[in-house]
1. Tell me yes or no: at least one residue of the range 153-166 is under 24 Å from the mean Cα position of the chain (by Cα) and in a strand (DSSP E or B).
2. Which count do you get for residues in the range 35-60 that are under 15 Å from the mean Cα position of the chain (by Cα) and either at pLDDT 95 or above or within 16 Å of residue 227 (Cα to Cα) (or both)?
3. Say we look at the range 189-234 and pick out the residues that are part of a helix (DSSP H, G or I) and not assigned by TED's automatic domain parsing to the domain that holds residue 140; which of these is surrounded by the fewest Cβ atoms within 10 Å (Cβ to Cβ)?
4. Just to be sure, is residue 248 more than 22 Å from residue 100 (Cβ to Cβ), at pLDDT 95 or above and not in a loop (DSSP other than H, G, I, E, B)?
5. Tally the residues that are under 12 Å from residue 139 (Cα atoms) and not in a loop (DSSP other than H, G, I, E, B), restricting the search to the range 167-187.
6. Among the residues of the range 97-129, which ones are under 9 Å from residue 229 (Cβ atoms) and either surrounded by 21 or more Cβ atoms within 10 Å (Cβ to Cβ) or assigned by TED's automatic domain parsing to the domain that holds residue 163 (or both)?
7. Tell me, please, whether a residue that is without any contact (Cβ under 8 Å) to a residue 40 or more places away in the chain, out of contact with any helix residue (DSSP H, G or I) (no Cβ under 8 Å at 6 or more places or on another chain), over 23 Å from residue 194 (Cα atoms) and surrounded by fewer than 17 Cβ atoms within 10 Å (Cβ to Cβ) can be found in the range 147-156.
8. Here are 151, 142, 134: which of them is within 28 Å of residue 232 (Cα to Cα) and outside the structural domain of residue 250 (by TED's automatic domain parsing)?
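The values are calculated or read from the model by the stated rules, or taken from the named source; none is laboratory data. On a predicted model such as this, the values are computed, not experimentally measured, just so you know. All Cβ positions, even for glycine, are placed from backbone atoms using ideal geometry, and neighbour counts span all protein chains on display.
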């Protein structure tokens, strides 16, 4: 009996040591909302920042091929933390028990908008002027680039699939605004940081003189900020590491170096605590956008 208890104790200690070892390596995935090479470079800088502030951890980074791939990597256990768009978070929550930790703040607060943008010289001034025109969405799981703009049209009694003449997916916000600038499409659904037309994907990815020829026609309801989320079973196994990562990223807004890294990553001013119910408005938009 004593020998059996000793063996069980040794097994428990070995299991505990293995669990601790697993917690020391973090796999973190980033949203490919813009140029993947730039996101990877900036993501690696975030990883080094975290490693310098949380002793004994290693942060491995990857940029997913697309929004859905980031959700799938979370579901399959390949990622522990993920920087997820609002729609991707809702999907990851449903499919992988992902838990939101933080949400992004840009400018006025922890929300942003979708905007239908056009070239000023296109002659498109109103929503009705967009009828029959070509549009570039971003991705089927993009909040600002698909779900919320479609939900906005549905709320006005418009079927997006019949309203536009041609629909394409640009994949990323920077690619979409470049297509608009080049005249490949007439309308783009993309993110806006305010409802004044002064800050959005077009001001971020185009030259000032190019951005000056772009204007929003219609905005969606506010969208809660993009998330930093964690896989549920990782949170259960490595609660202390999760708490320390969350605290370190919240603290970046008060550190000049950290603040600069967030700005480079996704033009974020700060990351603040979030809860799952913050994204109920996203769930409602997903439902209505499919009508």
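1. no
2. 4
3. 233
4. Details: more than 22 Å from residue 100 (Cβ to Cβ): no; at pLDDT 95 or above: yes; not in a loop (DSSP other than H, G, I, E, B): yes.
Judged against the criteria, residue 248 is not a match.
5. We begin by selecting, within the range 167-187, every residue under 12 Å from residue 139 (Cα atoms); these are 167-173, 175-176.
Cutting the leftovers down to not in a loop (DSSP other than H, G, I, E, B) gives us 167-169, 173, 175-176.
The number of residues fulfilling the criteria is 6.
6. Start the filter on the range 97-129 by keeping residues that are under 9 Å from residue 229 (Cβ atoms), which leaves 98-102.
Answer for the range 97-129, where residues must be under 9 Å from residue 229 (Cβ atoms) and either surrounded by 21 or more Cβ atoms within 10 Å (Cβ to Cβ) or assigned by TED's automatic domain parsing to the domain that holds residue 163 (or both): 98, 100, 101, 102.
7. Filtering the range 147-156 for residues without any contact (Cβ under 8 Å) to a residue 40 or more places away in the chain gives 153, 156.
Restricting the remaining residues to those that are out of contact with any helix residue (DSSP H, G or I) (no Cβ under 8 Å at 6 or more places or on another chain) gives 156.
With the extra rule that they be over 23 Å from residue 194 (Cα atoms), the set shrinks to none.
For the range 147-156, residues without any contact (Cβ under 8 Å) to a residue 40 or more places away in the chain, out of contact with any helix residue (DSSP H, G or I) (no Cβ under 8 Å at 6 or more places or on another chain), over 23 Å from residue 194 (Cα atoms) and surrounded by fewer than 17 Cβ atoms within 10 Å (Cβ to Cβ): absent.
8. On the way: 151 fails: within 28 Å of residue 232 (Cα to Cα); 134 fails: within 28 Å of residue 232 (Cα to Cα).
Just a single option satisfies the conditions, and that option is 142.
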